[in-house]
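Report on one structure; see the data block that follows.
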Amino acid sequence: MKATVVNGGASASDTEAGASSPAASPSSGHDFQGLDRAALLDVYRCMVRSRKLDDKEIQLKNQSRAFFQISGAGHEAVLVAAGIVLKPGYDWFHPYYRDRALALQLGMTPLDILLAGVGAESDPSNGGRQMPSHWGDPARHIIAGSSATATQVLHAVGMAEAGVLYGRLPGIDERDVLAHPDEIVYVSLGEGATSEGEFWEALNTACTGRLPVLFLIEDNGYAISVPVEFQTPGGDISRLVRSFPGLHVESVDGTDFMGKAVAIKADGRPKVVLFIAHWCPHCQAEVPLIQTWVSAGGVPQGVDLVSVATGIDPTRPNYPPEAWLAREGWTTPVIVDPTNSVAAAYGLPAYPFWVFIGPDSKIVARAVGEISIPDLETEIGRLTAG
Ligand SMILES: Cc1ncc(C[n+]2csc(CCOP(=O)(O)OP(=O)(O)O)c2C)c(N)n1
Ligand SMILES: [Mg+2]
């Protein structure tokens, strides 16, 4: 799941990219953004709790004790990160129905969620009058939304505007409790809902008014059965919104809790970089084999595997490459190279193209064409052997 984070306000700079804010941990050589073991375990616990609740609700539905289920599976990582950097009861939340892990991270309990799951009168979100996963918790500033997709983005922009006005207008009761100069408004939606007018109206107003809104677009590749490339031109909403004045845009791997923007950086870790073209039959053959190897835990600890989608051609098969790779279940981070500049920097001669980079950032080997798993492992072994 790819997450695009955009905000139109001045005060949200440390909430971008779904990443957490503290400084780096010195202990392990990995960058955990300063989160210690206990904090990371809490993150993991919340993600697992969210997934287990999905599983339980599916079971309840199969038993006809619940009548609808809306899964948050695959969305957990970026949502727990968002819940950590934002403050319940201080910032304002307009989540959508996939935001189970956010609701948990902000403090809603599994019981709260299950009561909504079975439509109980005591459901704290909506008293059993809404579908499940329509999170609501006034004390935590979680505002239950409508089932009509994308309506929440206009509510969020209105909330942000109200916050600004509360700061300016005299004589408002409880102003100090209800509004804070550095509060922000979070709103989330799927990539399909960005095709609706409400999304563009909201962006328009947020940017014109420089309102502190964080839009989290959770791009899972589909709007029910409609693939993203059928309704978002170019298949990537983050590319379309980059020209809005005052809008900061980050596109991150939403299944990676650290929300890393994908890059090939000199960070002391050996790397294997795979360049692929969506239309290339050799790449199409290679991708499932490599994915099987990755899924079986083939990439050794301490080595980064990165893929670069290059040679992009809208007139050729499997365009856009992100959608093709999503269909293939590709879990390796992808750098999209629309101008072939990354490929040129590494001297790509043909597809697929492999580059093996040592911990000192020097290129150790290059390989062109399909590569067998034993040969791949031999090359990686040479990298890690120093
Ligand atoms: C205005 C409106 N149109 C159609 C629907 C039916 N509907 C519910 S979810 C959904 C797909 C939304 O896809 P996306 O925005 O990508 O979110 P995802 O479910 O993939 O997270 C649709 C069309 C709706 N709820 N509201
Ligand atoms: Mg979707």
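Data overview
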{"quantity": "Residue count for the stretch 157-204, restricted to those that are within 16 Å of ligand 1 (Cβ to nearest atom), among the hydrophobic types (A, V, I, L, M, F, W, C) and in contact with a helix residue (DSSP H, G or I) (Cβ under 7 Å, 6 or more places away or on another chain)", "calculated": "5"}
{"quantity": "Residues located in the stretch 285-305, provided they are of a type in the set (A, V, I, L, M) and either crowded, with 19+ Cβ neighbours inside 10 Å or more than 22 Å from residue 345 (Cβ to Cβ) (or both)", "calculated": "285, 287, 289, 290, 294, 296, 299, 305"}
{"quantity": "Boolean, residue 256 is at pLDDT below 95, away from ligand 1 (no atom under 11 Å from the Cβ), surrounded by fewer than 17 Cβ atoms within 10 Å (Cβ to Cβ) and not in a strand (DSSP E or B)", "calculated": "no"}
{"quantity": "Of the criteria (1) farther than 18 Å from residue 152 by Cβ; (2) touching a Gly at 6+ places or on another chain (Cβ under 6 Å); (3) of a type in the set (A, V, I, L, M), which one residue 226 fails", "calculated": "(2)"}
{"quantity": "Sole residue being closer than 26 Å to residue 229 by Cβ and not in a helix (DSSP H, G or I), chosen from 324, 330, 354", "calculated": "330"}
{"quantity": "Matching residues, the stretch 297-321, being more than 23 Å from the chain's Cα centre (by Cα), under 28 Å from residue 361 (Cβ atoms) and free of Cβ contacts under 8 Å to residues at least 12 places away in the same chain", "calculated": "301"}
{"quantity": "Unmet requirement for residue 280, which otherwise passes all of (1) within 25 Å of residue 256 (Cα to Cα); (2) in contact (Cβ under 8 Å) with a residue 40 or more places away in the chain", "calculated": "(1)"}
{"quantity": "Among (1) within 30 Å of the chain's Cα centre (by Cα); (2) buried (at least 17 other Cβ atoms within 10 Å of the Cβ); (3) of a type outside the set (S, T, N, Q) - the single one residue 383 does not satisfy", "calculated": "(1)"}
{"quantity": "Lone qualifier among 144, 103, 116 - being touching a Ser or Thr at 6+ places or on another chain (Cβ under 7 Å), surrounded by 21 or more Cβ atoms within 10 Å (Cβ to Cβ) and at pLDDT 95 or above", "calculated": "116"}
{"quantity": "Those residues of the stretch 217-235 which are touching a residue at least 60 places away in the same chain (Cβ under 8 Å) and near ligand 1 (Cβ under 9 Å from one of its atoms), in sequence order", "calculated": "217, 218, 219, 220, 221, 228"}
{"quantity": "Residues of the stretch 330-352 satisfying the condition of being under 25 Å from the mean Cα position of the chain (by Cα) and modelled with pLDDT of 90 or more", "calculated": "330"}
{"quantity": "Within the stretch 321-363, tally of residues that are surrounded by fewer than 16 Cβ atoms within 10 Å (Cβ to Cβ), farther than 23 Å from residue 234 by Cβ and among the β-branched types (Val, Ile, Thr)", "calculated": "1"}
{"quantity": "Pair list, Cβ under 6 Å, 6 or more apart: the stretch 70-85 residue closer than 20 Å to residue 185 by Cβ, other residue in a helix (DSSP H, G or I) and of a type in the set (A, V, I, L, M)", "calculated": "79/101; 79/102; 80/43; 80/47; 80/101; 82/102; 83/102; 83/106"}
{"quantity": "Candidate set from the stretch 21-80 (those that are of a type in the set (Lys, Arg) and farther than 25 Å from residue 222 by Cα); member that is modelled with the highest pLDDT", "calculated": "45"}
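Residues are listed down the side, and each one gets a yes or a no for (1) in a strand (DSSP E or B); (2) more than 17 Å from the chain's Cα centre (by Cα); (3) modelled with pLDDT under 80:
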site	(1), (2), (3)
243	no, yes, no
262	no, no, yes
265	no, yes, yes
268	no, yes, no
275	yes, yes, no
284	no, yes, no
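The values are calculated or read from the model by the stated rules, or taken from the named source; none is laboratory data. Fair warning: this is a prediction, and the values are worked out from it, not measured in the lab. Glycine also receives a Cβ, built like all others from the backbone with ideal geometry; neighbour counts cover every protein chain displayed.
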